[in-house]
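Below: one structure, written as structure tokens.
The values are calculated or read from the model by the stated rules, or taken from the named source; none is laboratory data. This is a predicted model, so every value here is computed, not measured. Ideal geometry is used to build each Cβ from the backbone, glycine not excepted, and the neighbour counts take in all protein chains shown. These accessible areas exclude ligands, DNA and RNA; they are computed on the full protein's heavy atoms, side chains included. Shrake-Rupley method; radii C 1.70, N 1.55, O 1.52, S 1.80 Å.
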Amino acid sequence: MSERREIYFAGGCFWGTEKVFQSLNGVLDTTVGYANGHVADPSYELVKTDTTGHRETVKVVYDPSVISLRKLLKAYFICVDPTVKNQQGHDIGSQYQTGVYYTDEESADVIREVFREKRREYDPFCVELAPLACFYDAEEYHQDYLIKNPDGYCHVTPGMYRQVRALNDELSTTHE
Ligand code: MHO
């Protein structure tokens, strides 16, 4: 049995963000949903109104013996623009705010360290870091959306997907 850990990434439109993490070895499962808002079990139509506080988020379950949280964060930062608030690409609204949400302190420590490095690289740096307060699965038609609809718009470009896939060939080191 592989070990399972979870981490939640809001990276703008969750269609492309899910595809990004699906392409990494060691990712065991992904689910798109709505995180850290203040309305219980919201629909996509409601979240779209930009009034619920939810972020479009991907729950990533991974095997830490195959892929490190640091490498997942590396993939994440390939695919988001950390310098903008409430927007990624053409998608605008608080539901597109970027963020990383954790459910254990060990993960929080790693993310804090990476964010410290990223703050030196990006100014302003607008990515949220918070404990996961809630997560509601999105509707079935949003799950694996770009597998079902390869032409759906998303801010993640073909070049970004390529860079992420290349991470699979990187040798793992304790500091990757
Ligand atoms: N740009 C896409 C965003 C969809 S996403 C799941 C659209 O306008 O439909 O928010």
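Suppose the filter is open to solvent by 20 Å² or more (accessible area, probe 1.4 Å), of a type in the set (Phe, Trp, Tyr) and not in a loop (DSSP other than H, G, I, E, B); does Tyr101 pass it?
no
Quickly run through the stretch 122-176 and pick out the residues that are in a helix (DSSP H, G or I), surrounded by 10 or more Cβ atoms within 10 Å (Cβ to Cβ) and more than 12 Å from the ligand (Cβ to nearest atom).
Answer for the stretch 122-176, where residues must be in a helix (DSSP H, G or I), surrounded by 10 or more Cβ atoms within 10 Å (Cβ to Cβ) and more than 12 Å from the ligand (Cβ to nearest atom): Ile147, Lys148, Met160, Tyr161, Arg162, Gln163, Val164, Arg165, Ala166, Leu167, Asn168.
Would you pick out the residues in the stretch 123-156 that are modelled with pLDDT of 95 or more, under 18 Å from the mean Cα position of the chain (by Cα) and within 21 Å of Lys85 (Cβ to Cβ)?
Phe125, Cys126, Val127, Glu128, Leu129, Ala130, Pro131, Leu132, Ala133, Val156
Please go through the stretch 37-63 and give me each residue that is under 17 Å from the mean Cα position of the chain (by Cα) and either away from the ligand (no atom under 16 Å from the Cβ) or surrounded by fewer than 17 Cβ atoms within 10 Å (Cβ to Cβ) (or both), ordered by number.
Val60, Val61, Tyr62, Asp63
Are any of the residues in the stretch 8-25 over 17 Å from the mean Cα position of the chain (by Cα) and either on the phi < 0 side of the Ramachandran plot or modelled with pLDDT under 95 (or both)?
No; the residues of the stretch 8-25 include none that is over 17 Å from the mean Cα position of the chain (by Cα) and either on the phi < 0 side of the Ramachandran plot or modelled with pLDDT under 95 (or both).
Since Gly33 meets every condition but one in (1) open to solvent by less than 10 Å² (accessible area, probe 1.4 Å); (2) more than 23 Å from Pro150 (Cβ to Cβ); (3) within 14 Å of the ligand (Cβ to nearest atom), which condition does it not meet?
(2)
I'd like the full set of residues that are within 9 Å of the ligand (Cβ to nearest atom) and either touching a residue at least 60 places away in the same chain (Cβ under 8 Å) or of a type in the set (D, E, K, R) (or both), limited to the stretch 79-94.
Those that are within 9 Å of the ligand (Cβ to nearest atom) and either touching a residue at least 60 places away in the same chain (Cβ under 8 Å) or of a type in the set (D, E, K, R) (or both): Gly89, His90, Asp91.
For the stretch 95-119, enumerate the residues that are within 14 Å of the ligand (Cβ to nearest atom) and within 24 Å of Gly159 (Cα to Cα).
Answer for the stretch 95-119, where residues must be within 14 Å of the ligand (Cβ to nearest atom) and within 24 Å of Gly159 (Cα to Cα): Tyr96, Gln97, Thr98.
Between residues in the stretch 147-168 that are within 17 Å of Gln88 (Cβ to Cβ) and residues that are surrounded by fewer than 12 Cβ atoms within 10 Å (Cβ to Cβ), which pairs lie under 8 Å by C-beta distance while being six or more apart or on different chains?
Listed by first residue and then by second, the contacts come to Tyr153/His90; His155/His90.
Could you check how many residues of the stretch 1-28 are under 17 Å from Lys148 (Cβ atoms) and more than 16 Å from the ligand (Cβ to nearest atom)?
Number satisfying all stated conditions: 1.
Pull out all pairs, ordered by first then second residue, where Cβ-Cβ is under 6 Å, the residues are six or more apart or on different chains, the first lies in the stretch 126-138 and is of a type outside the set (Lys, Arg), and the second is exposed (fewer than 15 other Cβ atoms within 10 Å of the Cβ).
Listed pairs, sorted by first residue: Cys126/Lys85; Leu132/Thr103; Tyr136/Asp41.
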